[in-house]
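A.B. asks: Dropping a structure here in C-alpha cells format, bear with me for questions.
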Amino acid sequence: MTTGSIRSRMLDIAHEDCRYLPDKIETYEKEDPHNPDPGLLRLRTRGAFLFNWWVGAKPGDVCTKSVPTIKYNAPHRYHWSNQVYQTIPMYLGTTHVAVGFVDLGTLLCADIRGVEGEGEGAGPLSYVGYEMVAHNVAKSLILWHMMQGEGDIRDVGDMVLQVWFSSSWEPRTEAAFRAAAVAALSALSPDTKGWLDIVAVLRHWIEPANAAPPLARCRELWQAQHELCLCHCLKRPCDRRAVAAYELAGDFAVPPTPAGTECDLVGSMVLYCSPDGTPPGVKDEKVFSCAPFDEVCRECRQAEEAEGAEVSVVTGVERWLRGKVHNLIPRARDGSVTVSLHLGDITDKAVVKSVAAMAPRTMSWSNVLDYIPAKAFHTLAKQCGGKTCTHNGLLDIHHTPMRLKVLTLYRQFQVKVAQETGVLPYLRLPIPEMPVNGASYFLQHMLFHRDVILM
Ligand SMILES: C[S@@+](CC[C@H](N)C(=O)[O-])C[C@H]1O[C@@H](n2cnc3c(N)ncnc32)[C@H](O)[C@@H]1O
C-alpha cells in the first residue's frame, strides 16, 4: 500500500468508527471485563509532552512535570452536563463535594449507600456543590426545591425534567418553577458563597415582568442554537423521526399535543429568560450528552417488550432520566439527602478552606482537572479532602492546542477527500458528527501506528 492509500484507508476507518461516538466509546469502556483499547487510553493524555511521556511510561509511573493548562474563566454556560453522568458512590452520614457540577446530575445518578458497618442510620448525605456560573447554581437550587415540594411524584418528576432539559414547558411548570425559586431564595443563607449573584438570578426568575417567552419565540431561539444533527447516526426510522422532532423543537418530557388541538406550551425561562450578564449558552447541547447510550437502549428494549411496539431513543432517554428523578424525589423529601450549592472557584484559597472544614468523604470534579496542572491538582485534592477522601474526575482534551491542531488537520482531510471524490458540492463540511471525536479517533490511528508517517 502507498502512504496515500494507507492514509485514506485510515481516514475511512476513523470516519466510520467516529460516526457512533461518543456513545460507542462509552459502551466500549464499560465492557466487562473493563479492558479498554490501549489506543483509547492514549487519547486521555493531553498534549505532545504528556503523550511522549506516556509512550515511555511503565504501569504505575506518575508524571510529575507540571504542564501549563488553560484556566477556566466561565466563558459560557452549559444547559446541563455535557458529559455522561457517572455513578459515584456517596455515603449517608458523610459529605460529598461536587466541583463544577453544572447541574445535579452527579446526585441524580449517585449510588447512595450507608458507610460499611453503619447501615442506613448514619444521618443524611450532605451534597455540597461549587460552580463558577451563578445561573447553574440558581437553576440547580430550584430543581432541588421542586423535588422537595409536595405533589404526585410523577407530576413533579415531569416538571423537573422540563425545567432541567426542555426548551418548552407546560404552564403548570412555570408556576412550580417560580414557587420553587421563591422557596430557594428564602432558604438561601447569606453565608452561601456568591450569595448576591445567586440571589440576582433567583429574583430575576421570580419577577412577574419576566415571563416565559411564547412558544413561537422559543422555537426560533432553540433553532438558532442548534445546527448539528444526529439523525443520520441512527439506524431505525422510528429513532430518526423522534430525534428529528426533538432537534427541531427541543421538547423534552412534555405531553404530546393531540392532532387538531391547541398547544399551550410556553418557552423555558431557564433557557430564554436570563438576567443580563449571564454567560451565553453553549450551542448544540442535546439531552443525549448526559445519558449513557447503552442504558438508554436498554430502556427502549424493556419498554418494547412491555408494550409490544417500537420505542424511540428519545423516549428511552426520557424514561431513563424519569426513573432517576423518581428515585431522588423521596430522598429530597425525607431529608436523607441535603443540598447546599455555592458560587465559587475551587482554586480559591477561601473555598479550599471551607471544603477542607467539611472533611468530605467523596468529591467529584467534572473535568475541572483539565484546567489545573496535574501536580497542582494533587495538592488541591489533598488540601480539600485529606487522606481519606475519594476523588472522581474526568478528563477531556479538546481545549489543548494539540487537539485543536489535530481537529484542523482532520477537517482539512475531510475537504481534500471530498474534493478528490467529487462530493464536495453535496456535503456540508465539516461533517456534522462530533468532529472532536472524529479528530480523536483519527489521532489515535495516526499515533498508534507510529511506523506510518501520515503528514
Ligand atoms: C469544567 S466545565 C466542563 C465543560 C466542558 N466539558 C469543557 O471542557 O469545557 C464544567 C463546569 O465546571 C465549572 N468550573 C470550571 N472550573 C471550575 C473551578 N475552578 N471551580 C468550580 N467550578 C469550575 C464551570 O463553571 C462549568 O460549568
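The values are calculated or read from the model by the stated rules, or taken from the named source; none is laboratory data. For clarity, every value in this text was computed on a predicted model and none was experimentally measured. Positions of Cβ are backbone-derived with ideal geometry, glycine not excepted, and every protein chain shown enters the neighbour counts.
A.B. asks: Being on the phi < 0 side of the Ramachandran plot and within 16 Å of the ligand (Cβ to nearest atom) narrows it down to one residue among ALA306, ALA376; which is it? Please lay out each step first, then the result.
C.D. replies: On the way: ALA306 fails: within 16 Å of the ligand (Cβ to nearest atom).
That would be ALA376, the only listed residue that is on the phi < 0 side of the Ramachandran plot and within 16 Å of the ligand (Cβ to nearest atom).
A.B. asks: Would segment 240-260 turn up any residue that is loosely packed, with under 14 Cβ neighbours inside 10 Å, over 24 Å from the mean Cα position of the chain (by Cα) and on the phi > 0 side of the Ramachandran plot?
C.D. replies: Yes, segment 240-260 contains at least one residue that is loosely packed, with under 14 Cβ neighbours inside 10 Å, over 24 Å from the mean Cα position of the chain (by Cα) and on the phi > 0 side of the Ramachandran plot.
A.B. asks: So for segment 143-158 (the condition being more than 20 Å from the chain's Cα centre (by Cα), surrounded by fewer than 19 Cβ atoms within 10 Å (Cβ to Cβ) and either at pLDDT below 90 or within 21 Å of GLY267 (Cα to Cα) (or both)), does at least one residue qualify?
C.D. replies: Yes; the residues of segment 143-158 include at least one that is more than 20 Å from the chain's Cα centre (by Cα), surrounded by fewer than 19 Cβ atoms within 10 Å (Cβ to Cβ) and either at pLDDT below 90 or within 21 Å of GLY267 (Cα to Cα) (or both).
A.B. asks: Test LEU248 against the criterion of being touching a strand residue (DSSP E or B) at 6+ places or on another chain (Cβ under 8 Å) and part of a helix (DSSP H, G or I), and give yes or no.
C.D. replies: no
A.B. asks: On to the next question. Are any residues in segment 353-373 more than 9 Å from the ligand (Cβ to nearest atom) and either buried (at least 16 other Cβ atoms within 10 Å of the Cβ) or at pLDDT 95 or above (or both), and if so, which ones?
C.D. replies: Within segment 353-373, LYS353, SER354, VAL355, ALA356, ALA357, MET358, ALA359, PRO360, ARG361, THR362, MET363, SER364 meet the criteria.
A.B. asks: Write out, first by first residue and then by second, each pair whose Cβ atoms fall under 7 Å of each other, whose residues are 6+ apart or on separate chains, and whose first residue, in segment 337-352, is closer than 20 Å to ASP103 by Cα and within 11 Å of the ligand (Cβ to nearest atom) while the second is of a type in the set (A, V, I, L, M, F, W, C) and assigned to a strand (DSSP E or B).
C.D. replies: ILE346/VAL99
A.B. asks: Take HIS135 and decide whether it is within 15 Å of the ligand (Cβ to nearest atom), farther than 23 Å from ASN392 by Cα and in the same structural domain as CYS273 (by TED's automatic domain parsing). Can you show your working first?
C.D. replies: Values: within 15 Å of the ligand (Cβ to nearest atom): yes; farther than 23 Å from ASN392 by Cα: yes; in the same structural domain as CYS273 (by TED's automatic domain parsing): yes.
Here the answer is yes, as HIS135 does meet what is asked.
A.B. asks: Counting only residues that are surrounded by 12 or more Cβ atoms within 10 Å (Cβ to Cβ) and in a helix (DSSP H, G or I), how many does segment 222-231 have?
C.D. replies: Matching residues across segment 222-231 total 4.
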